[in-house]
Each structure stands twice: as C-alpha cells, then as structure tokens.
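Read the structure below first, then the notes.
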Amino acid sequence: MTAITLRNVSKTYPGGVEAIKGVSLDIGDGEFLVLVGPSGCGKSTLLRMIAGLETITAGEISIGERVVNNLEPAERDIAMVFQNYALYPHMSVRQNLEYGLKNRRMARDEIARRVEKAAGILGIAELLARKPRQLSGGQRQRVAMGRAIVREPAAFLFDEPLSNLDAKLRVQMRAEIRHLQRSLGTTSVYVTHDQLEAMTLADRIVVLNGGVVEQVGTPMEVYERPASLFVASFIGSPAMNLVPLQQARERAAIAGLVNGSVPSGLSTDAVLGVRPEDMTVGENGAGADAVRFAFTVTAVEAVGAESYVHGNLQGGAGDIAVRMPGYHRLEPGTVLSAVTAPEKLHFFAGASGQRVDRAGAAQ
Ligand SMILES: Nc1ncnc2c1ncn2[C@@H]1O[C@H](COP(=O)(O)OP(=O)(O)OP(=O)(O)O)[C@@H](O)[C@H]1O
Ligand SMILES: [Mg+2]
C-alpha cells in the first residue's frame, strides 16, 4: 500500500528561483497521477523532490507511512524512468536490468527471476544479450522501464519518458505504459508537458503553472470544468476559444445569450470560453436556446477527418476556431454563423482568471 502525500511542499533553488510554491497533493495507492504544465513550471523539480534527488526547502513528503524528507533516494523504495533512458552503454540489456539488484546484493536466482519476468512483460526477452546501441529508441525505452520494474518498487516516477520517440511510437508506448501500470498496480507519478499524453494516461491530472497547482482532477473534470483561464487554454487541442464577453456582446458577435445562460454578477472584464469541438457551423441541430457566434473566415485547416475553421468575430471582437466534421474548403472572407448550446459555455473572471459557474450549473 503506497500512497504519496505532499504537504505544502516548496523549493527555492540556490540563487533564489522559487520553482515550487506550496504544493499539497494526495496520491492514492495504485493511482496514475500525471503532472502536466508548460516548460519551466516545476514538474521535474517536484518529481525529483519525491525521488529524493532534490532537497525540499519547506513542507513534507510521505511515501507510504514514512516521511521521506531526510531519506536518501535509495532508501525511498521508488524507481525513476527518465527521458534519456540513462542506460549503461557498455553493458548488455541483461546487465543493465541486473545492475541495481546486484548492487543491493540480491540473491542470484531472485535476480534471474525478476529479469526474466520483466523481460517477458516488456517483450524484450530476445534482446537481453544486446548492447543499448543495438536497440531502437522504443526498445531502449522498454529496457529503461524494465530496470524500474525489476526493482519492484513502491512507486514509479516518470519524467517525460517518451519525448525522445517519434509520434507513432509515443502513442504505442503510452498505451503500453498505461497497460503495464494497470497490471502491476504500482502507484505512479508521470511528468509531461503534453496535455494529450496527460489526458490519455492519467487517473488524475495535476495542472501546474509557475510552481503552483492550478487544478487537480480526472481528465474529464479538467476538460469539462477547467478551474481557470490557464487550464482552459492549456487542456484541449485546438485550444478553447476565449472571448472578451462584454466586447463580443456590444459588437453583436454573440446572439442568443440570455440571463440564465450567463452567471450573474460577472465583472466587465469577464471572458467567455467555448471549445471548437462544441460548436457547429450553420443551424443544424441548433436548439431553441442556441447561442450564435457571427464571424468571418480567415483560414481553414483541413486535417482529413475534420476541418478547423478559423475566423474573426464580427466587429473585431476576437478570434474563433470551429471544428467541422469532414473536409471543407471555405474562402477567406466568407461570413458564417456557428452555434453552441448554452451549457457548453465557460466563464472566467478577467482579473483572477478563475472559473465562474452559473447558478444551478452541474458541479
Ligand atoms: N538546479 C537548478 N538551479 C536553479 N534553478 C533551477 C534548477 N533546476 C531548475 N531550475 C528552475 O526551476 C524552474 C522549474 O524547473 P523544472 O525543471 O522543474 O521545470 P519543468 O516543468 O520540468 O520544465 P520542462 O518541461 O522544460 O522540463 C525553472 O525556472 C528552472 O529554470
Ligand atoms: Mg522537466
């Protein structure tokens, strides 16, 4: 049983960079938690503090029952998988897998058992005699994971383990890691800057921004109810449309907004959000309460199964992108209208960027 708990954890590097500012998290036993956020937001720092590779300036980290603040990495019973694999080039795959166990003076037959088992799980049994340079990127990544698995640790920590792989292999390895974690049931913390990777891997996502937690939730919670403008713009691709509400209303770029579909007491700098995939060009399927956006096409990105229409809202009230199923060619300058249902709208206070819900909206 390995829960990981962070209480008000902070990190200030020598020189004064405040990389992590009071983060508290409860990671459940067997949970797959993904830390996501832009470059420099503190993801690796937080992970390295859990691993013991970085000291903690303030706060407390527990792994299982133990407070680990002052424990060496080797005493924490965790295994870390890095982006650059960190395999020993002069050793065979088998030796790479055995290395950490031999260091711990484990019995030979137990080492052999664990190596065979991990090699079987990862499908690398036929590669055990090779050197890392004789492997593909995906195979190296499997060996790196194998080295973590053979330790049978209480938790896995991953720091962007797939970012050196090409797009197709990344998708495949993502599925393998997810499957592996499920079958082993080992508590895992996984760092990525790729929101799609976060969405597909995580039991829960932690969105980090500037060393602070913006939101914690399941992928669907974070997608459907982003807690802030930052999360709204970070999660989802293409990004959520964010429109200054008052300006769009004044310039008649939005029609059909009634009191009930807008939270009461919004400030004049409030921002309206709507995802491109929650909008429909034309009137098809528009309900009686549909909200309409009037815009002029500036460009169309056709990606095969769907097209993204980009445009300027009427009166220059902002930019908008709308998803259309199928392949479309639209001339720039075409004037269009897109509709959405009021419950697909998001609202954020301008100054704080915090989400504002309508009264009675599902929480
Ligand atoms: N050893 C260090 N000394 C001083 N500052 C550091 C050190 N390591 C990281 N930082 C700073 O701390 C902040 C967080 O860095 P961190 O590496 O944790 O970010 P990250 O979210 O992992 O970014 P990336 O996605 O680029 O890997 C950054 O501002 C970085 O410059
Ligand atoms: Mg990093």
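The values are calculated or read from the model by the stated rules, or taken from the named source; none is laboratory data. Note that the structure is predicted; figures quoted are calculated from it, not measured. Here Cβ is always computed from backbone atoms with ideal geometry, including for glycine, and neighbour counts include all displayed protein chains. In case anyone asks, the SASA skips ligands and DNA or RNA and just uses the protein heavy atoms, side chains included. Shrake-Rupley method; radii C 1.70, N 1.55, O 1.52, S 1.80 Å.
The figures follow:
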item: Residue tally, condition away from ligand 2 (no atom under 16 Å from the Cβ), more than 18 Å from S188 (Cα to Cα) and in contact (Cβ under 8 Å) with a residue 60 or more places away in the chain, over region 19-60; result: 2
item: Pair list, Cβ under 8 Å, 6 or more apart: region 103-127 residue closer than 13 Å to R142 by Cα, other residue exposed (fewer than 10 other Cβ atoms within 10 Å of the Cβ); result: I121/S183
item: Single residue of region 182-206 satisfying the filter (out of contact with any Lys or Arg (no Cβ under 7 Å at 6 or more places or on another chain) and among the β-branched types (V, I, T)) that is surrounded by the fewest Cβ atoms within 10 Å (Cβ to Cβ); result: T186
item: Any hit, region 87-99, residues being closer than 20 Å to E160 by Cβ and touching a strand residue (DSSP E or B) at 6+ places or on another chain (Cβ under 6 Å); result: no
item: In region 280-323, residue modelled with the lowest pLDDT [restricted to those that are of a type in the set (G, A, S) and under 26 Å from the mean Cα position of the chain (by Cα)]; result: G304
item: Some residue of region 309-317 being farther than 20 Å from E221 by Cα, in a strand (DSSP E or B) and of a type in the set (A, V, I, L, M); result: yes
item: Total residues in region 155-170, condition small (G, A, S) and within 16 Å of ligand 1 (Cβ to nearest atom); result: 1
item: Strands (runs of 3 or more DSSP E) wholly inside region 156-246 containing at least 3 residues that are closer than 30 Å to G315 by Cβ and over 13 Å from the mean Cα position of the chain (by Cα); result: 241-244
item: Residue within region 207-226 that is open to solvent by less than 20 Å² (accessible area, probe 1.4 Å), of a type in the set (S, T, Y) and closer than 20 Å to R355 by Cα present; result: no
item: Filter result (of a type in the set (D, E, K, R), surrounded by fewer than 20 Cβ atoms within 10 Å (Cβ to Cβ) and touching a residue at least 12 places away in the same chain (Cβ under 8 Å)) within region 155-169; result: E160, D166
item: Candidate set: region 331-343, residues that are open to solvent by 50 Å² or more (accessible area, probe 1.4 Å) and modelled with pLDDT under 95; chosen: the one nearest to the chain's Cα centre (by Cα); result: E343
item: When residues of region 266-284 are limited to those that are out of contact with any strand residue (DSSP E or B) (no Cβ under 8 Å at 6 or more places or on another chain) and either touching a residue at least 12 places away in the same chain (Cβ under 8 Å) or assigned to a strand (DSSP E or B) (or both), the one surrounded by the most Cβ atoms within 10 Å (Cβ to Cβ); result: S267
item: Tally of residues being within 12 Å of ligand 1 (Cβ to nearest atom), open to solvent by 10 Å² or more (accessible area, probe 1.4 Å) and touching a strand residue (DSSP E or B) at 6+ places or on another chain (Cβ under 8 Å) across region 12-41; result: 6
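Results for (1) of a type in the set (D, E); (2) out of contact with any helix residue (DSSP H, G or I) (no Cβ under 8 Å at 6 or more places or on another chain); (3) in a helix (DSSP H, G or I); (4) open to solvent by less than 10 Å² (accessible area, probe 1.4 Å), shown as yes or no for each residue.
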site	(1), (2), (3), (4)
A79	no, no, no, yes
N96	no, no, yes, yes
G100	no, no, yes, no
R113	no, yes, yes, no
A129	no, no, no, no
Q139	no, no, yes, no
R142	no, no, yes, no
P153	no, yes, no, no
